[in-house]
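The values are calculated or read from the model by the stated rules, or taken from the named source; none is laboratory data. Treat the numbers as computed from the prediction; the structure is a model and nothing was measured. No Cβ is skipped: glycine too gets one built from the backbone with ideal geometry, and neighbour counts run over all protein chains shown. Just the protein is used for accessible areas: all its heavy atoms, side chains included, with ligands, DNA and RNA removed. Shrake-Rupley method; radii C 1.70, N 1.55, O 1.52, S 1.80 Å.
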Amino acid sequence: PGEYWGRVVVSAKGGRAAVLGADGGISATLNLEIRSVIGLFYRKGVLRTGVEIADIAAAVEGDSIVVQPHLARRGTAAFVGTVRAELRDSSDVVRAQTTMPLGVYYAIAPRMTLPSAGLPAGSYRVVVSTSATRPDLPTSALTPAAPARAETTLALP
């Protein structure tokens, strides 16, 4: 029982396209290759999934805050959903946020950025949460999962 996945890569090579310059003095030839990458999934039995947020790295880089949550899949199927990062001030007001659709097949640490321009110096909380929803996929294609949430603190200079 469980979920198994792979990628089928189909490529077709052939054909040449001549590219001529406007004045006819420069020419080039392009070799064409078309490649399709198709996900292949096999599911058997009752599937369970979830994601654990093990740690959150957050740092100021230029005019942005880079957030990298360490995510680990739990259960017998990939976690397919959305991860959200929020920057909250001392009054718990959300000052910046971003979301990212993703699949967690194995442990990953996606890079997310939040704007820091115009924010006053002080202590903030970086809150990362997940949900098993995606705006680009029907609910029937997703394995239900409990939401996950973790946070860390960050001082802005």
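How much of the pair distance distribution for segment 4-45 lies past 17 Å, counting alpha-carbon pairs only, in percent?
Details: 493 of 861 pairs.
Within segment 4-45, distances greater than 17 Å cover 57 percent of Cα pairs.
Quick check: Cα centre of segment 97-132 to Cα centre of segment 1-40, how many Å?
If you average the Cα positions of each part, the centres end up 34 Å apart.
State the extension gain, in nm to one decimal, for the chain segment bounded by R7 and I38, taking 0.36 nm per residue of separation less the distance between their alpha-carbons. Intermediate results must be reported in sequence, preceding the final value.
Numbers: separation 31, 0.36 × 31 = 11.16 nm, distance 0.56 nm.
Using 0.36 nm per residue and subtracting the Cα-Cα distance, I get 10.6 nm.
On the first, second and third principal axes, largest extent first, how far apart are the outermost C-alpha atoms of segment 1-119 in Å?
66, 51, 17
Keeping every protein chain present and rolling a 1.4 Å probe, give me the accessible area per residue for the chain in Å². Write down the numbers at each step before the final one.
Details: 9640 Å² over 157 residues.
Result: 61 Å² per residue.
Starting from the Cα-Cα distance between M100 and S27, subtract it from 0.36 nm times their residue separation and give me the gain in nm to one decimal. Don't skip to the answer; put the middle values down first.
On the way: separation 73, 0.36 × 73 = 26.28 nm, distance 4.26 nm.
Gain in length upon complete extension: 22.0 nm.
Packing-wise, with mean Cβ within 10 Å as the measure, how do 43-49, 67-73 rank, highest first?
Details: 43-49: 13.4, 67-73: 20.7.
Final packing ranking: 67-73, 43-49.
Stretch T82-D55 to full length: gain in nm at 0.36 nm per residue minus the Cα-Cα span? Kindly include the intermediate steps, with their values, before the conclusion.
On the way: separation 27, 0.36 × 27 = 9.72 nm, distance 1.72 nm.
Using 0.36 nm per residue and subtracting the Cα-Cα distance, I get 8.0 nm.
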